[in-house]
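To start, the structure under review is shown below, and the notes come after it.
No value in this document is a laboratory result; all are computed from the given coordinates. Please read these numbers as outputs of a predicted model, since none were measured by experiment. As a convention, Cβ positions derive from the backbone with ideal geometry for all residues, glycine included, and neighbour counts pool all protein chains shown.
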Amino acid sequence: MKNANPVSCTLKVAAVASALLFSACGQAESAAGKSVVVKEPKSVADWFMINLGGKVLRMQMAVRPNELERGLMDRRDLGADDAMVFVFERPQPMSFWMRNTPTPLDIAYLSPEGALVEYYPAYPFDEKSLASRSQRLQFVVETNQGWFRANGIKPGAQLDLKALSAALTARGFDPRKFGLEP
């Protein structure tokens with residue numbers, strides 16, 4: 001390539017290399033030698049549609065210790081029917097607080113069977129613990145304060161555990177680890 005602009009040639013080579021690299025992303029070779037698409041697991045930032053008491057919420061899912069600890073801290077962008085579900089491996093008493101959380105929330109505690117047991121209003125930046133009365137809880141749902149009252153959702157309302165199980169699978173977790181059917 002006599003008299004070619006070296007920068008132009010370098011950019012063309014980089015563009016071709018990038019195209020080849022990105023076309024290979026998300027693909028792997030099966031044992032039969034065929035190309036198959038590999039799905040990356042969803043993350044805590046992804047949304048799942050999960051029914052609670054006959055109402056569908058758009059939920060993010062906290063599962064890993066750092067996700068469970070962070071929750072909705074620093075969030076100001078929670079939509080009217082948005083929530084976060086916290087998934088624990090085994091039943092236990094719960095206690096949540098609002099450290100670094102600017103959005104007023106309802107914090108709901110649910111049994112391993114997905115039944116709403118109790119919920120409490122939580123106020124921005126309040127570091128006082130909202131301890132559960134029940135000792136046998138496995139899921140927590142945080143949503144905008146007043147959501148449960150506004151939607152007529154009361155203790156006994158059921159969380160769709162099949163949708164929760166599917167969301168756990170999409171996140172790359174085995175639902176059986178949390179006592180759920182796949």
Distance in nm between label sites at ARG76 and GLU113, each 7 Å beyond Cα in the beta-carbon direction? 4.3 nm
Excluding residues fewer than 8 positions from LYS162 in its own chain, the aspartates and glutamates with Cα under 15 Å of it are GLU113, ASP174, GLU181
By a straight-distance test (C-alpha under 15 Å), which aspartates and glutamates pair with LYS154 as possible cross-link partners, with residues fewer than eight away in the same chain excluded? ASP106, GLU118, GLU142
GLU181 versus MET49: modelled label distance in nm, points set 7 Å from Cα along the beta carbon direction: 2.2 nm
